[in-house]
Amino acid sequence: MATQREKDAEDYLKKHRIPELMENLTAMLFFYRPEDPREFLVEQLKELRVSQQSNMRGPSLFDNANLDTVFKILDPANQRYINVAQYKHALTTLGIKDFDESPEGVNEDRISHDTFKREATQGLQRCSATYSQH
């Protein structure tokens, strides 16, 4: 049974999304491998602060070019659409947990490049916004 202090600590971590923040920062460190990790982390936290204040996209490992590449991998025949199962799997693989499971094109089982990119961008924004949202 957890003590009150342990419960308070757990509530604090959840409220401020500390595990998500640490996961994102660690992933960026491994991906970019900066010469000065401390300075890099300071810069990432500054970017996060700016994104919070301006309601813009926070630091993320994935940019538009990466999303285009993911889509091209899923659409090797260049049909300009993927099926719903591919869409859901791709977003989940990108680490996006909260996304529209019935986006435009779901009834035809054809998710367009634009829809995929929009949903991925919005999902990544929510993932990178590791600050608490009050």
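For the chain, find the longest principal axis of its Cα atoms and tell me its angle to the long axis of helix 113-128, 0 to 90°, nearest 10.
On a 0 to 90 degree scale, this one is about 10.
Which longest run of the chain has no exposed loop site in it, a site being GluC sites (Glu not before Pro) in a DSSP loop with at most 12 other beta carbons within 10 Å, and the site itself not part of the run?
By the stated rule (loop sites, at most 12 other Cβ atoms within 10 Å), 36-100.
Using a Förster radius of 22 Å, what is the FRET efficiency between residue 102 and residue 68 based on their Cβ-Cβ separation? Nearest 0.05, please.
With a Förster radius of 22 Å, E is 0.40.
Given only helices, namely DSSP H runs of n ≥ 4 each adding -39500 (n - 2.57), what is the per-residue ellipticity at 222 nm of the chain, to the nearest 500 deg cm²/dmol? List each step's numbers first, then the result.
Working: 6 runs with 82 residues, N = 134.
Calculated at 222 nm, the ellipticity per residue is -19500 deg cm²/dmol.
With a ≥ b ≥ c taken as the square roots of the eigenvalues of the C-alpha gyration tensor of the chain, please select rounded if a/c is under 1.5 and otherwise prolate if a/b is larger than b/c or oblate if it is not?
Because a/c hits 1.5 or more and a/b exceeds b/c, the chain counts as prolate.
Could you tell me how many degrees, from 0 to 90 and to the nearest 10, lie between the Cα long axis of helix 64-74 and the main elongation axis, the longest principal axis, of the Cα atoms of the chain?
Orientation of helix 64-74: about 50 degrees from the principal axis.
For region 1-97, with only Lys/Arg (+1) and Asp/Glu (-1) charged at the beta-carbon, what is the dipole magnitude about the Cα centre, in debye rounded to 20?
340 debye
Ignoring ligands, DNA and RNA, what percent of the 1.4 Å accessible area of region 1-67 is carbon and sulfur?
Answer for region 1-67: carbon and sulfur cover 56 percent of the accessible area.
Can you give me the relative contact order of the chain as a percent, contacts being Cα pairs under 8 Å and 6 or more apart?
30 percent
Give me the angle, in degrees from 0 to 90, between the Cα long axis of helix 18-32 and the longest principal axis of the Cα atoms of the chain, rounded to the nearest 10.
70 degrees
Would you mind working out the accessible area per residue for the chain, using a 1.4 Å probe, and quoting it in Å²?
Accessible area per residue: 70 Å².
Short version: ³J(HN,Hα) in whole Hz for each residue of region 96-104, in order, from phi by Karplus 6.51 cos²θ - 1.76 cosθ + 1.60 (θ = phi - 60°), x for Gly and Pro, what are they?
For region 96-104, the Karplus-derived couplings read 8, 9, 10, 8, 6, 7, 10, x, 3 Hz, x marking Gly and Pro.
The values are calculated or read from the model by the stated rules, or taken from the named source; none is laboratory data. Keep in mind that this is a model prediction, so the values were computed, not measured. Counting neighbours? That spans all protein chains shown, and the Cβs are built from the backbone with ideal geometry, glycine included. All accessible areas refer to the heavy atoms of the entire protein, side chains included, with ligands and DNA or RNA removed. Shrake-Rupley method; radii C 1.70, N 1.55, O 1.52, S 1.80 Å.
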